[in-house]
Amino acid sequence: MEKEILRIERLSVSFSQYGRGLARRRLSAVEELSLSVYAGEIVAVVGSSGSGKSLLAHAVMGILPYNGRLEGRIWFNGEPLTQKRAAKLRGKELCLVPQNVSYLDPLMRVGEQVTGGRSSPSRRGKCKSVLAGYGLEAGVERKYPFQLSGGMIRRILISTAVMETPKLVIADEPTPGLHPEAAGRVMGHFKEIAKAGAGVLLITHDIELALLTADRVVVLYGGRMIEEAPASAFSDETKLSHPYTRALCRSMPKNWNPDGERLCDTGDILSYMRKEYGR
Ligand SMILES: Nc1ncnc2c1ncn2[C@@H]1O[C@H](COP(=O)(O)OP(=O)(O)O)[C@@H](O)[C@H]1O
Ligand SMILES: [Mg+2]
């Protein structure tokens, strides 16, 4: 059995919300979520927008917004992951490829951002080879983010994550805006990161992309985990336990009928969920 890199037990994230006057209530965004990521494994977290995927990533990284309350327990590499420990490991053993490209500092050359400002001849050398490995031209490290395309910025963000041989990489929606070929390449890079022995948590709203890359798939809906299955289960819907996941499976283009008609579309899935869960 491979080593358990990340273990999350009954993680909940909630926010307090002010109503009229002084009334205040807690708004639960992630509820009692448990999952593990083992060394060498890619686990995909799939869910529609607002299902709590980024909050899950931020909870592990220790970067939840100040008004967010975290409950439950997180272990990293066998030891409890406190806020303090997360801050120490962030950008080193524990890396996030953020959803938002604005995480890069617009006023800093990308090379400095990839080396994390800790520049030495050997780090600069490694930086150059990492950037070249992601198909970025020589000299790109001297450019500023605004001089790069969205696809190049994605690759810079991934480079930042692999500078330090991370044990866990959390990639939050790493492909939107990328050309299918570039998206395929990015997915290939995550496979390599996993093959090198790290755990990868791949967050995406795209089930097909998840199935192309992941070993296991976790499905979130409304902040709750409704399914956890090996990627192979998605080729046989009877192996999936939840009707939403089965519908998600049927909605993939490869499962459309020969006339090219969808057997089930996202609208059907959502109206089913609203009926079943009332949200
Ligand atoms: N700072 C915040 N304050 C209140 N609610 C928030 C905050 N951040 C996120 N949420 C809510 O939590 C839910 C999950 O958000 P998020 O994890 O960003 O979803 P996604 O799956 O799209 O990444 C959303 O409904 C969002 O409105
Ligand atoms: Mg998100």
* What is the distance, in nm, between label points placed 7 Å from the Cα along the Cα-to-Cβ direction at Lys254 and at Lys84? -> 4.8 nm
* Anisotropy class of the stretch 168-232 from Cα gyration tensor, a/c 1.5 cut -> oblate
* Structure fact -> If R0 = 41 Å, then Glu237 and Thr165, at their Cβ-Cβ distance, give a FRET efficiency to the nearest 0.05 of 0.60
* **Gain on full stretching of the segment that runs from Lys92 to Ser120 - 0.36 nm per residue minus C-alpha separation** => 8.5 nm
* Asked: Do any chymotrypsin sites (Phe, Trp or Tyr not before Pro) in the stretch 20-76 lie in a loop, going by DSSP, with at most 11 other beta-carbon atoms within 10 Å of their beta carbon, and if so which?
  -> Tyr66
* **Cα-based shape type of the stretch 1-129, given that a ≥ b ≥ c are square roots of the gyration tensor eigenvalues and the cut on a/c is 1.5** => oblate
* **Cβ-derived FRET efficiency at R0 25 Å, Ala138 paired with Glu181, nearest 0.05** => 0.70
* Per-residue [θ]222 nm for the chain (sum of -39500 (n - 2.57) over DSSP H runs n ≥ 4, rounded to 500) -> -9500 deg cm²/dmol
* What percent antiparallel are the DSSP beta bridges of the chain, to the nearest 5? -> 60 percent
* **Cross-link pairs beyond the 24 Å C-alpha cut-off, checked among Lys167/Lys254; Lys53/Lys84; Lys92/Lys126; Lys88/Lys167; Lys3/Lys92** => Lys167/Lys254
* For the stretch 126-143 versus the stretch 160-185, the gap between their alpha-carbon centres in whole angstrom -> 15 Å
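Each value in this text was obtained by applying a stated rule to the coordinates, not by laboratory testing. None of these values were measured; they are calculated from a predicted model. Cβ: placed from backbone, ideal geometry, glycine included. Neighbour counts: every protein chain shown.
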